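All remarks here apply to the structure that follows.
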Amino acid sequence: MCRVRLALCAAILSVALPTMVSAQSSYDPCRDPRLQQAWDDPINLVRADAAEVTKLLERHGFVVECVRRSKSENLFKGQKGAAWYKTDHGIFEVLFLPKTETFDALEVIEQPQGSGRYLYSFRGKPQMPTMDSWKRSSFVKRGSKLFMVYGNDQLAAAIEKALQEP
């Protein structure tokens, strides 16, 4: 009886588990109509700023698949918002300040924590909270924009190059 239950459980898991994992790994925010609707919401203050970033990236060979609202849109006081980008080069986020302010005075301090984790603290303005990341991150500043790239140094370098060229 116990062997029958064990065999039945194993059979169910062998069918259900791959399906559940496959469903999770195939989720694409670019194809989620709810996320598209949230991005298009008039309350989203950074759509025009994000469109400018998209045009800049596309001029430098990036293919931008989609832009969505970011979970980082309310990280600190004075932040205008944030956007999440999916491109052919990889995924990253951009934090936006009002155009009259910049990230120029912001210093990023990286502290490896072991086991692949990193702690990031910030000095200067704007004042940002400490961030804990499961991957080494790169921060690329350009005026009122801060690009945050997680675990992809090649993508960070490509963004930095695009931002330096006219």
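If we scan segment 84-95, do we find a residue that is at pLDDT 95 or above, buried (at least 19 other Cβ atoms within 10 Å of the Cβ) and not in a strand (DSSP E or B)?
Yes: one or more hits.
So in segment 106-144, with the set limited to residues that are at positive phi and assigned to a loop (DSSP other than H, G, I, E, B), which one is surrounded by the fewest Cβ atoms within 10 Å (Cβ to Cβ)?
Among those that are at positive phi and assigned to a loop (DSSP other than H, G, I, E, B), it is SER115.
Take the residues in segment 67-81 that are of a type outside the set (D, E, K, R), closer than 20 Å to THR130 by Cβ and over 9 Å from the mean Cα position of the chain (by Cα), then tell me which one is surrounded by the most Cβ atoms within 10 Å (Cβ to Cβ).
GLN79
Only one of these conditions is not met by LEU146: (1) hydrophobic (A, V, I, L, M, F, W, C); (2) under 19 Å from ALA51 (Cβ atoms); (3) in contact (Cβ under 8 Å) with a residue 60 or more places away in the chain. Which number is it?
(3)
The values are calculated or read from the model by the stated rules, or taken from the named source; none is laboratory data. Small disclaimer: the values here were computed from a predicted structure and weren't measured. Cβ: placed from backbone, ideal geometry, glycine included. Neighbour counts: every protein chain shown.
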